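Notes follow the structure.
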Amino acid sequence: ETGVTQTPRHLVMGMTNKKSLKCEQHLGHNAMYWYKQSAKKPLELMFVYSLEERVENNSVPSRFSPECPNSSHLFLHLHTLQPEDSALYLCASSQVLGHTGELFFGEGSRLTVL
Amino acid sequence: QKEVEQNSGPLSVPEGAIASLNCTYSDRGSQSFFWYRQYSGKSPELIMFIYSNGDKEDGRFTAQLNKASQYVSLLIRDSQPSDSATYLCAVNGGGQNFVFGPGTRLSVLP
């Protein structure tokens, strides 16, 4: 496995379900991100972990809960979501080198909330 | 509120022409600038990054940065139908603070 891998690639869930998205990076990076991409809207940063500590939480509703057990793995736990949460959720990683480290994205998890 | 602006397009150019994509940003403290390409249904992939004022060339792609005008652009020479995608401009003000524009949809017509 190389790069940034996300599972599942597609997820359909009801508003009362609990599910998790998983991300794994094989690049030796030390920062990981969750972005939300909705139709016709810019990428929205949700969470950032740097050296396994959360450094950014952009006013994301509590129904989204991130977890970063180590520098290679990142989870997004989902519960009691709303239909407007349907979107593409992208995981990314970077090497923390001040401002120079570019983001590498996974293929995304397409979430549909019924 | 840090913002990155792009024309949403679509920008249509004939095959073989030069495509010019533009981006402006609000944070004067921004240090690094990235262009990502995103095909429909796929994730963004990095095309180029630029940190210093001026031009940076990589094959058919040229990034141009003007920090005084808070403006960054991407030129694609000899455009091909395979270049048809959405191009995202991203700006980093330091650390993990990446801000993305809404993207410009490019269509290269055969």
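Values quoted throughout were computed directly from the atomic coordinates according to the rules given, and no laboratory measurement underlies them. Everything quoted here is computed from the prediction, not taken from an experiment. Counting neighbours? That spans all protein chains shown, and the Cβs are built from the backbone with ideal geometry, glycine included.
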Place a point 7 Å from the Cα of B:Ser20 along the Cα-to-Cβ direction; which residues of the stretch B:58-89 have their backbone N under 19 Å from it? B:58, B:60-80, B:87-89
Of all trypsin sites (Lys or Arg not before Pro) in the stretch A:1-59, the ones in DSSP coil with at most 16 other Cβ atoms within 10 Å are A:Arg9, A:Lys40
Expected sort for A:Asp85, B:Asp58 with the fewest Cβ neighbours (10 Å cutoff) up front is B:Asp58, A:Asp85
Taking the stretch A:1-88, which GluC sites (Glu not before Pro) meet the DSSP loop condition and have no more than 15 other C-beta atoms within 10 Å? A:Glu1, A:Glu52
Identify unpaired cysteines across the protein assembly as shown, taking unpaired to mean no other cysteine Cβ lies under 4.7 Å from the residue's Cβ. A:Cys68
Under 18 Å by backbone N from the virtual spin label 7 Å along Cα-to-Cβ at A:Lys41, the residues of the stretch A:63-88 are A:63-66, A:77-88
Just in the stretch B:12-110: which trypsin sites (Lys or Arg not before Pro) are loop by DSSP and have at most 14 other Cβ atoms within 10 Å? B:Arg28, B:Lys42, B:Arg60, B:Arg77
For the stretch B:1-91, shape from the Cα gyration tensor axes a ≥ b ≥ c, cut at a/c of 1.5 then a/b versus b/c, turns out prolate
Note: B:31-40 gets an average of partner chain Cβ contacts (10 Å, Cβ to Cβ) equal to 2
Quick calc, B:Ala68 & A:Ser59: beta-carbon distance into FRET formula, R0 41 Å, rounding 0.05, result 0.80
FRET efficiency for A:Lys18 and B:Asn7, Cβ-Cβ distance as r, R0 = 30 Å, nearest 0.05? 0.15
Provide a whole-number value for the mean count of partner chain Cβ atoms within 10 Å of the Cβ atoms in peptide B:90-100. 6
For the protein assembly as shown, give the share of DSSP beta bridges that are antiparallel, in percent and rounded to the nearest 5; count only bridges with both residues there. 90
